[in-house]
1. What is the residue count in the stretch 54-94 for residues that are touching a strand residue (DSSP E or B) at 6+ places or on another chain (Cβ under 8 Å), among the charged types (D, E, K, R) and within 14 Å of Cys146 (Cα to Cα)?
2. Count, please, the residues in the stretch 122-163 that happen to be open to solvent by 50 Å² or more (accessible area, probe 1.4 Å) and either within 18 Å of Arg63 (Cβ to Cβ) or not in a helix (DSSP H, G or I) (or both).
3. Just for the stretch 48-60: of the residues that are crowded, with 16+ Cβ neighbours inside 10 Å and in contact (Cβ under 8 Å) with a residue 40 or more places away in the chain, which one is nearest to the chain's Cα centre (by Cα)?
4. If you check Ala87 against the conditions, is it among the small types (Gly, Ala, Ser) and in contact (Cβ under 8 Å) with a residue 24 or more places away in the chain?
5. Suppose the filter is touching a residue at least 24 places away in the same chain (Cβ under 8 Å) and either more than 22 Å from Ala39 (Cβ to Cβ) or open to solvent by less than 70 Å² (accessible area, probe 1.4 Å) (or both); does Val112 pass it?
6. Taking Asp31 as the residue in question, decide whether it is of a type in the set (D, E, K, R) and not in a strand (DSSP E or B).
7. Answer yes or no as to whether Ser135 is among the hydroxyl-bearing types (Ser, Thr, Tyr), closer than 23 Å to Trp55 by Cβ and modelled with pLDDT under 95.
Amino acid sequence: MSLSEDYAAMEDLHPIDIVETLAEHHAWEFDRVTDDQIAMAVEGQWRTYSLTLAWSEQDETLRLICTFEMEPPADKIHKLYDILNRANDMVWTGAFTWWEEQKLMVWRYGLVLSGGLVAGPEQIDRLISSAVMASERFYPAFQLACWGDQSPADAMKVAIAEAYGRA
């Protein structure tokens, strides 16, 4: 049975309700922060990723933020920015950024659902899986560039192929 078969009247469902059902389905830890926001933890191969999805009624956008802690040495920040640019050149959905104050690597994406469009469970599941797969794919490269004394170009060689699997 597909995920969307669990939902009878899709147009009446709030996107965060769908995310909550997916979190339950995958047995992810989650916290329904507000009616319009959910936070969860998804275990990856390299680490546990913190994901937050929030629905903005005003701009009709489902926002996803996937974070993981990272504290690169101060003298390696230039390498981090270089490898972030290289990673972002290789992805189509979402982008990485570095939040220096919080010491977090961030993958973010906004799914625009203007005009009353509704995201189905398969689409939201794919959105979450894509965030985790991108983080898994590039995490080793970020580590090699910041702590392994490899150039960003050399570190990216471990991220040539996309990660396969399911979050």
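1. Adding up the residues that qualify gives 1.
2. Result for the stretch 122-163: 7.
3. Leu51
4. Answer is yes for this residue.
5. No: the conditions fail for Val112.
6. The answer is no for Asp31.
7. No: the conditions fail for Ser135.
Conditions tested, residue by residue: (1) open to solvent by 10 Å² or more (accessible area, probe 1.4 Å); (2) farther than 17 Å from His14 by Cα.
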position: Gly44; (1), (2): yes, yes
position: Leu62; (1), (2): no, no
position: Met70; (1), (2): no, yes
position: His78; (1), (2): yes, yes
position: Asp82; (1), (2): yes, yes
position: Leu104; (1), (2): yes, yes
position: Gly120; (1), (2): yes, no
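The values are calculated or read from the model by the stated rules, or taken from the named source; none is laboratory data. Everything numeric in this text was worked out from a predicted model, so none of it was measured. Counting neighbours? That spans all protein chains shown, and the Cβs are built from the backbone with ideal geometry, glycine included. Just the protein is used for accessible areas: all its heavy atoms, side chains included, with ligands, DNA and RNA removed. Shrake-Rupley method; radii C 1.70, N 1.55, O 1.52, S 1.80 Å.
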